[in-house]
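Here the structure comes first, spelled out in C-alpha cells, and everything after it is commentary.
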Amino acid sequence: MTNTQSNSRLHPNLRRPGATLLALCLFGITSVSMAGQDRLSSAHREQLGAVPKGLPGDVVLQAHAIGDRMRTAGKEETVLDGQFLGAGDRKTLRVIHQLSGMVRIEGEKRKVPLTFDGEFAGGTLDRLDESLLETFVADTFEGMVYSVRSGGAVRLIGRGFGPDPRVAPNYAGARYDVYEVIAPARSRQDRQLRVKRYYFDSKTGFLDSTRYSDPSSSPALQVETRFSNWRQVEGSAYPGRVDRYENGNLIFSFIVSNASSRPRRDATKFR
C-alpha cells in the first residue's frame with residue numbers, strides 16, 4: 001500500500017467567498033419521504049448491490065478518487081484488515097462492507113461478529129458496538145452513496161470551503177466540498193434520522209470527515225469520523241486510518257494494514 005494523502009483538519013468557521021446553498025439532485029432524487037425507506041424490496045436491494053451506473057457530475061471527482069471498486073463489477077465488496085484501538089483495548093479486526101450497505105465486522109476477542117444485512121443489525125452489545133457499526137455502514141463514501149440511492153435526501157452545501165479568512169487570512173491548506181445527507185441510521189434499531197455532512201478534499205476527492213449530531217444521548221453527541229492516509233491498492237483507494245470522535249474526544253481508531261476488493265456475496269453472509 002502506498003500513501004497518497006495525509007489527513008488535515010478544517011477550521012470550524014467555514015467560509016467560501018460568494019458561497020450559496022445549492023440544491024443537489026443525486027440519482028434523480030429531488031424530494032423524499034422518509035417513511036418506510038428502511039424496508040427495501042429484494043429487487044431494489046439487488047439493484048443497490050450493483051456497481052452504480054451513471055453517477056452525476058457532482059460526485060464524479062469523488063467516485064474517480066475511490067477508483068475501480070466504484071465502477072467495476074466483481075469489486076463490490078471491500079475487505080479491511082487492521083488494528084482497533086478503543087476503550088483501553090487493542091485487537092485485530094476485519095471489516096467487510098458492500099455497496100449494498102451490508103457490513104460484517106469480525107475480530108479476536110469477539111464471540112460473535114457485528115453485522116448489518118441491510119435491514120437488521122446483529123451482535124451489538126453496547127454503545128461502542130453501535131458506533132463502530134454505524135461508522136462503516138453510513139459514514140464512509142460508500143455509505144453516503146448507499147443512503148442516497150436508497151431514498152435519502154442530499155444537497156451540495158458548496159465547494160472549496162476553507163477557514164474563515166478573518167481567522168486565517170494566509171491559509172494555504174486543503175479546501176473542501178461539503179455534502180449534506182438526511183437519512184435514517186439504518187444500523188440502529190430506532191432508525192433515527194441523521195443529518196450528516198460529508199467533507200471531501202476539493203483537490204483529491206477523498207473523504208476527509210463525516211460530521212453529525214447523535215441525539216440518542218442527552219445532550220446530543222457531536223460526532224466526527226475522520227478518514228486519513230488514503231492509499232492505492234490495485235486500482236482502488238482506501239483509507240489507512242479511521243478515527244471516531246465524540247464531543248471532540250477520540251473514541252476509537254481503526255488502523256488499516258491490508259485492503260482489498262472482491263465480488264459481492266449473499267446477504268446470509270452478513271447475518
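The values are calculated or read from the model by the stated rules, or taken from the named source; none is laboratory data. Since we're looking at a predicted model, the values are computed, not measured. Every residue, glycine as well, gets a Cβ built from its backbone with ideal geometry; the counts of neighbours run over all protein chains shown.
For segment 124-156: of the residues being among the aromatic types (Phe, Trp, Tyr) and buried (at least 24 other Cβ atoms within 10 Å of the Cβ), which is modelled with the highest pLDDT? Selected residue: PHE136. Could you run through segment 178-214 and say how many residues are among the acidic types (Asp, Glu) and under 15 Å from ARG159 (Cα atoms)? Count: 3. Of the candidates GLY107, GLY74, the single residue that is farther than 18 Å from ARG244 by Cβ and of a type in the set (Gly, Ala, Ser) is GLY74. Among residues that are at pLDDT 90 or above, touching a helix residue (DSSP H, G or I) at 6+ places or on another chain (Cβ under 8 Å), crowded, with 19+ Cβ neighbours inside 10 Å and among the charged types (D, E, K, R), ASP117 is included.
Going by the conditions given, is ARG191 part of a loop (DSSP other than H, G, I, E, B), modelled with pLDDT under 90 and of a type outside the set (S, T, N, Q)? Criteria met by ARG191.
Out of segment 247-271, which residues are within 18 Å of the chain's Cα centre (by Cα) and free of Cβ contacts under 8 Å to residues at least 60 places away in the same chain? Walk me through how you get there before you give the answer.
Within segment 247-271, the subset within 18 Å of the chain's Cα centre (by Cα) is 250-256, 259-261.
Scanning segment 247-271 gives a single hit, LEU250.
Checking each residue in segment 203-223 for being under 15 Å from ALA174 (Cβ atoms) and either within 17 Å of the chain's Cα centre (by Cα) or in a strand (DSSP E or B) (or both) picks out THR204, GLY205, PHE206, LEU207, ASP208, SER209. Residues of segment 72-114 that are buried (at least 17 other Cβ atoms within 10 Å of the Cβ), in a loop (DSSP other than H, G, I, E, B) and on the phi < 0 side of the Ramachandran plot: LYS75, GLU76, LEU99, SER100, MET102, PRO113. Every residue in segment 149-178 that is under 30 Å from GLY107 (Cβ atoms) and either out of contact with any Phe, Trp or Tyr (no Cβ under 6 Å at 6 or more places or on another chain) or of a type in the set (S, T, N, Q) (or both), please. Passing the criteria: SER150, GLY152.
Of the residues making up segment 224-245, those that are touching a helix residue (DSSP H, G or I) at 6+ places or on another chain (Cβ under 8 Å), over 16 Å from PHE200 (Cα atoms) and in a strand (DSSP E or B) are SER236, ARG244. When VAL181 is tested against (1) touching a Leu at 6+ places or on another chain (Cβ under 8 Å); (2) within 15 Å of VAL137 (Cα to Cα), only condition (1) is not met.
Among ALA220, ALA183, which is among the aliphatic types (A, V, I, L, M) and in contact with a helix residue (DSSP H, G or I) (Cβ under 6 Å, 6 or more places away or on another chain)?
On the way: ALA220 fails: in contact with a helix residue (DSSP H, G or I) (Cβ under 6 Å, 6 or more places away or on another chain).
Answer to the check: ALA183.
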